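Taking it in order: structure first as structure tokens, then the write-up.
The values are calculated or read from the model by the stated rules, or taken from the named source; none is laboratory data. The model shown is predicted, which means the values in this text are computed figures rather than measured ones. Ideal geometry is used to build each Cβ from the backbone, glycine not excepted, and the neighbour counts take in all protein chains shown.
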Amino acid sequence: MKIRLSKEHGSVLMVALVIAGVVGLALLSYLSMTSSQNVMTARSQTWNSALPLVEAGIEEAMAHLTASPNDWGLHGWNGKTGFCYLRRDMGEGYYVITISNRTAPTIIAAGYVRAPFSTNYIARVVRVGLIMKPQIGPGLGAKSTIEMNGNKLSVDSFDSSDPLYSAADGGYASSKRKAGVVVATNLGITDAIDSGGADIFGHVATGPGGSVSTLKNGVVGDLAWHKTSSKGIEPGFTTEDADIPFPTIVAPVSGSSPPLDLLGNIVLGDGVYEIGSLTGNVIVTGKATLIVRTVFDIAGADAIHINTNGSLKIYNYAAKAVFGSGSYNYVGGGEAKYLRYFGMPGNTEITFKGNTSFVGVLYAPDADLITAGGGSGVNFCGASLTKSVSMNGSYAFHYDEELIKEAEDGYIIATWDEVSPTDAAGYQLVSW
């Protein structure tokens with residue numbers, strides 16, 4: 001028997017073949033798209049995984065700078081101070097770090113992770129600029145305006161660690177003053193600093209485009225400039241390059257309740273303490289930290305007394321802080337490094353009343369510093385960094401240059417820029 005295919009059967013077969021072809025093409029396209037998507041997903045994951053390597057490299061570089069500030073070519077690093085590099089393998093990837101520029105270190109960190117389904121590597125590169133950790137600033141510093149209202153204001157420096165520039169007990173002596181203070185603001189506007197009638201023994205600085213007003217007979221310059229009764233700013237003693245860093249304060253979370261003595265004075269030994277309201281005298285016998293939550297208004301002749309070998313760090317959360325007419329770490333001359341005040345973000349105002357003798361370091365990035373009167377006492381010995389400054393009457397500010405010798409080593413990140421790996425050679429990135 002012969003089987004014959006009709007035209008209808010042939011048409012059905014042709015349609016079936018076409019449909020099969022279309023389905024096959026669609027399936028192939030889908031599989032291809034799925035494969036591409038998988039590759040792209042894998043590549044994206046690899047791209048993201050390169051950044052933790054970069055961050056690890058930056059952290060290692062910063063730790064190395066802190067541990068070996070004078071010789072960068074130690075602990076497995078290649079090179080010397082001024083430029084050094086290191087490679088570190090981690091799992092399926094590695095990172096390469098270079099450090100350059102002694103005065104303002106620059107880190108170039110590249111993280112390499114093997115590309116999916118390939119023997120090549122995907123790279124991400126970040127360039128980081130560093131600055132030294134700010135501990136005491138330039139002397140008297142601010143983010144915003146600095147106003148000196150009064151005709152007997154005095155701002156100068158001394159060195160409590162050098163008997164040539166301090167009293168016998170290490171305290172301030174006007175006969176041994178120096179002209180090493182810098183009065184500086186980051187603000188870059190007209191009259192960013194109003195020197196009023198103040199005698200500033202040192203330099204003044206504003207942000208780019210800023211200016212200093214001396215219309216009220218303010219005098220700025222070195223000792224000789226003041227000695228000759230010169231007026232205004234000595235040539236070369238003002239700049240427009242102020243760029244003071246104000247990093248976030250890292251404070252303890254909580255502390256224990258401090259004990260009181262028979263007279264009601266707060267007594268702080270070694271440890272971290274916490275109090276809601278601080279209004280009375282404080283006696284420090286050890287290395288203490290005090291957290292103040294709601295009220296900071298100290299009164300009393302011997303407001304903060306720090307014994308030999310003692311020190312105090314204050315973290316104030318109260319909106320206002322008032323330092324009454326009393327002595328703060330001043331008995332026996334005192335050293336500013338042993339009393340450090342940190343104003344937390346909620347602390348927006350700090351007032352020093354007349355007749356104070358405060359010896360310490362003030363750091364309050366969100367607070368306006370207001371000094372009133374002056375009168376007896378040394379007023380303020382140490383260093384200050386705040387949001388703004390308003391000095392009045394005959395107040396005196398004495399910057400202790402010993403603080404710069406005692407500053408904590410280390411750096412903070414000022415700039416962070418991701419750059420193309422192809423441009424890495426321009427940033428002294430070592431090729432591997």
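Name the single residue, out of those in segment 185-195 being within 21 Å of residue 217 (Cβ to Cβ) and of a type in the set (A, V, I, L, M), that is surrounded by the fewest Cβ atoms within 10 Å (Cβ to Cβ).
Initially, segment 185-195 is screened for residues within 21 Å of residue 217 (Cβ to Cβ), giving 185, 190-195.
In the following step, the residues that additionally are of a type in the set (A, V, I, L, M) were identified as 192-193.
Working: 192: 26, 193: 30.
Within segment 185-195, the match that is surrounded by the fewest Cβ atoms within 10 Å (Cβ to Cβ) is 192.
Could you pull out the residue among 270, 243, 261 that is at pLDDT below 90 and out of contact with any Leu (no Cβ under 9 Å at 6 or more places or on another chain)?
The unique qualifying residue is 243.
Which ones in segment 55-67 are under 13 Å from residue 105 (Cα atoms) and either modelled with pLDDT under 80 or crowded, with 16+ Cβ neighbours inside 10 Å (or both)? Reasoning before the result, please.
Initially, segment 55-67 is screened for residues under 13 Å from residue 105 (Cα atoms), giving 58, 61-66.
Of everything in segment 55-67, those that are under 13 Å from residue 105 (Cα atoms) and either modelled with pLDDT under 80 or crowded, with 16+ Cβ neighbours inside 10 Å (or both) turn out to be 58, 61, 62, 64, 65, 66.
Test residue 380 against the stated conditions and say whether it is part of a strand (DSSP E or B), crowded, with 24+ Cβ neighbours inside 10 Å and touching a residue at least 24 places away in the same chain (Cβ under 8 Å). Explain how you work it out, then say what you get.
Numbers: part of a strand (DSSP E or B): yes; crowded, with 24+ Cβ neighbours inside 10 Å: yes; touching a residue at least 24 places away in the same chain (Cβ under 8 Å): yes.
Criteria met by residue 380.
If you take the residues in segment 124-172 that are in contact with a Gly (Cβ under 6 Å, 6 or more places away or on another chain), assigned to a strand (DSSP E or B) and at pLDDT 90 or above, which one is surrounded by the fewest Cβ atoms within 10 Å (Cβ to Cβ)?
Step one: list which residues in segment 124-172 are in contact with a Gly (Cβ under 6 Å, 6 or more places away or on another chain), which gives 124, 133, 148-151, 157, 160, 169-171.
Applying the additional criterion that residues be assigned to a strand (DSSP E or B) yields 124, 148-149, 157.
Now narrow it down to the ones that are at pLDDT 90 or above: 148, 157.
Values: 148: 28, 157: 22.
Only one residue tops the list, namely 157.
In segment 287-305, which residue that is of a type outside the set (D, E, K, R) and exposed (fewer than 15 other Cβ atoms within 10 Å of the Cβ) is nearest to the chain's Cα centre (by Cα)? Outline the logic, then answer.
So the first thing to find is which residues in segment 287-305 are of a type outside the set (D, E, K, R), and the list is 288-292, 294-296, 298-301, 303-305.
Among the residues that remain, those that are also exposed (fewer than 15 other Cβ atoms within 10 Å of the Cβ) are: 294, 299, 301.
Numbers: 294: 26, 299: 31, 301: 34 Å.
Selected residue: 294.
Out of the residues in segment 78-123 that are at pLDDT 90 or above and small (Gly, Ala, Ser), state the one that is surrounded by the most Cβ atoms within 10 Å (Cβ to Cβ).
Within segment 78-123, the match that is surrounded by the most Cβ atoms within 10 Å (Cβ to Cβ) is 110.
Kindly provide the set of residues from segment 98-115 that are within 23 Å of the chain's Cα centre (by Cα) and hydrophobic (A, V, I, L, M, F, W, C), ordered by number. Give the steps one after another, and end with the answer.
Kept after step one, since they are within 23 Å of the chain's Cα centre (by Cα), are these residues of segment 98-115: 98-109.
The answer is 99, 104, 107, 108, 109.
Output the residue which, of all residues in segment 196-250 that are acidic (Asp, Glu) and either assigned to a loop (DSSP other than H, G, I, E, B) or not assigned by TED's automatic domain parsing to the domain that holds residue 184 (or both), is surrounded by the most Cβ atoms within 10 Å (Cβ to Cβ).
Top of the filtered list is 234.
Test residue 366 against the stated conditions and say whether it is assigned by TED's automatic domain parsing to the domain that holds residue 384, among the charged types (D, E, K, R), over 27 Å from residue 143 (Cα atoms) and surrounded by fewer than 19 Cβ atoms within 10 Å (Cβ to Cβ).
no
Among the residues of segment 306-342, how many are assigned to a loop (DSSP other than H, G, I, E, B), within 25 Å of the chain's Cα centre (by Cα) and within 24 Å of residue 373 (Cα to Cα)? Lay out the reasoning, then the answer.
Of segment 306-342, the ones assigned to a loop (DSSP other than H, G, I, E, B) are 307-310, 317-319, 324-326, 329-335.
Imposing the further condition that a residue be within 25 Å of the chain's Cα centre (by Cα) reduces the set to 317-319, 335.
Adding the requirement that they be within 24 Å of residue 373 (Cα to Cα) leaves 318-319, 335.
Residues meeting the conditions: 3.
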